[in-house]
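Let me begin by presenting the structure, written as structure tokens, before commenting on it.
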Amino acid sequence: MQFSSALLESAVNEFSRLPGIGKKTALRLVLHLLKQDASQVTQFSETIARMRNEIRFCKRCCNVADADLCTICSNTYRQQQTICVVETIRDVIAIESTQQFNGTYHVLGGIISPLDGVGPDQLNIDSW
Ligand SMILES: [Zn+2]
């Protein structure tokens, strides 16, 4: 792709680094942002930066959180003694979307895979 603007090319390159986003899709997204109000694009970029810089991991379950404890662990109506051990945060989101589980979670952050060099030390087991 040939670009008449180095800034446009740089933005396309950044978007195309995202998983599942090729150069054509990246260009479409960047051109969409160019048509938006500058304030909307500023809010978009600030939201992404804040998410990346300020997000934490729950001290109890290793889920994403905005404070020391996630909203699930800090919810006193949930059964704290029932713990669902999951591989990733995506599993928590999937189970929560069913609205059928009222316990808490423990997010391992992966699975043991000796062939890939992932042992218990690489998972969030110590915090349990
Ligand atoms: Zn938690």
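Every number here is computed from the coordinates shown, using simple stated rules; none is lab data. Owing to the predicted nature of the structure, the values given are computational and were not obtained by experimental measurement. Cβ: placed from backbone, ideal geometry, glycine included. Neighbour counts: every protein chain shown.
The figures follow:
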item: Calculated over the chain: convex hull of Cα atoms, volume per residue (Å³); result: 175
item: Interatomic Cα distance distribution for segment 56-122, bins of 5 angstrom, percent; result: 4, 18, 25, 25, 15, 8, 5, 1, 0
item: Compactness relative to 2.2 N^0.38 Å, alpha carbon Rg of segment 6-54; result: 1.17
item: Longest DSSP-loop-exposure-free segment, trypsin sites (Lys or Arg not before Pro), the chain, at most 16 other Cβ within 10 Å; result: 79-128
item: Segment 69-78 - phi-based ³J(HN,Hα) in whole Hz, Karplus 6.51/-1.76/1.60, Gly and Pro as x; result: 10, 6, 5, 6, 5, 8, 7, 6, 7, 8
item: Centre separation in Å (Cα based) which lies between segment 47-68 and segment 78-118; result: 16
item: Rounded to 10°, Cα long-axis angle of helix 6-15 versus longest principal axis of the chain; result: 30
item: Residue 5-residue 52 FRET efficiency (beta carbon distance; Förster radius 30 Å; 0.05 resolution); result: 0.70
item: FRET E, pair residue 33, residue 93, Förster distance 22 Å, beta-carbon r, rounded to 0.05; result: 0.25
item: Helix-derived mean residue ellipticity, 222 nm - over the chain, DSSP H n ≥ 4, -39500 (n - 2.57), to 500; result: -12500 deg cm²/dmol
item: Crossing angle, helix 89-98 versus the chain [Cα axis fit, 0-90 degrees, rounded to tens]; result: 80
item: Over the chain, relative contact order from alpha-carbon pairs under 8 Å, at least 6 apart, %; result: 16
